[in-house]
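One structure is given here, and the rest of the page talks about it.
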Amino acid sequence: MAIVLSILDLLLAIVFVFAGSTKAFQPVEKLEPKMAWVKDYTPRAVKLIGWAELLGGVGLILPGLVGLGILQLTAAICLAVLMVGAAVWHFRHNDAKGAIPSIVLAVLLVLLASYMVF
C-alpha cells in the first residue's frame with residue numbers, strides 16, 4: 001500500500017507543479033481560452049492561485065524526502081481545499097462537467113492526507 005500511496009503522491013505533485021507553473025508564469029490573456037474562470041479574477045489572484053498550486057505540489061514531495069511529514073500533510077489538505085473552491089466555482093457557473101477534475105483531485109488529496117495521518 002505504501003508504494004501505491006507514494007506513486008499517488010508523486011503523480012499529484014506532478015499535476016500541481018505543472019498546473020501551478022502554467023498559471024504562475026503565463027500571461028492571463030494566454031490562459032483565458034483554456035480556463036474560463038480566469039475572467040472572474042484579477043491577474044494577481046490568478047498568479048497567486050498558480051503559486052499556491054506550484055508550492056503545494058512541491059510540498060507534496062519535498063517534506064517527505066527530508067522527513068517533515070507534517071508539512072506534506074499540510075500541503076495535501078491545503079490543495080484539497082483549493083480544489084473544493086475550484087469545484088464550487090464550476091457549480092456556481094453551471095459547469096458541473098468542469099468540476100469533475102477538481103472533485104477527483106480533492107478526493108485523491110483527502111485520501112492521501114488520511115493515510116498520512118494514520
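Computed from the coordinates by the stated procedures, all read-outs in this text should not be read as laboratory data. Quick caveat: nothing in here was measured; it's all calculated off a predicted structure. Note that each Cβ is placed from the backbone with ideal geometry, even for glycine, and that neighbours are counted across all protein chains shown.
So which chymotrypsin sites (Phe, Trp or Tyr not before Pro) in the stretch 12-48 end up in coil per DSSP with only 15 or fewer other C-beta atoms within 10 Å? Kindly include the intermediate steps, with their values, before the conclusion.
Working: sites: 16, 18, 25, 37, 41; in loops: 41.
Qualifying residues, ordered by number: 41.
Mind giving me the nanometre distance, one decimal, between the label points for residue 22 and residue 95, set 7 Å out from Cα along Cα→Cβ?
Those two pseudo-labels are separated by 1.2 nm.
Compute the long axis of helix 69-92 from its Cα atoms, compare it with the longest principal axis of the Cα atoms of the chain, and write down the angle in degrees, 0 to 90, nearest 10.
Roughly 30 degrees between the two axes.
So how far, in whole Å, is the C-alpha centre of the stretch 35-69 from the one of the stretch 75-118?
13
State the volume of the convex hull built on the alpha-carbon positions of the chain, expressed per residue in Å³ and rounded to an integer. Write out the running numbers ahead of the final one.
On the way: hull volume 11.3 nm³, N = 118.
Value for the chain: 96 Å³ per residue.
Tell me what the chain gives for mean residue ellipticity at 222 nm when only DSSP H runs of n ≥ 4 count, each as -39,500 (n - 2.57), the sum divided by the residue total, rounded to 500 deg cm²/dmol.
Numbers: 5 runs with 98 residues, N = 118.
Helices in the chain give a 222 nm mean residue ellipticity of -28500 deg cm²/dmol.
Measure nothing fancy, just the Cα-based angle from helix 43-66's long axis to the longest principal axis of the chain, in degrees from 0 to 90, nearest 10.
Relative to the chain, helix 43-66 is tipped by roughly 10 degrees.
Place a point 7 Å from the Cα of residue 11 along the Cα-to-Cβ direction; which residues of the stretch 90-118 have their backbone N under 18 Å from it?
Residues 100-116 qualify, since their backbone N sits under 18 Å from the label point.
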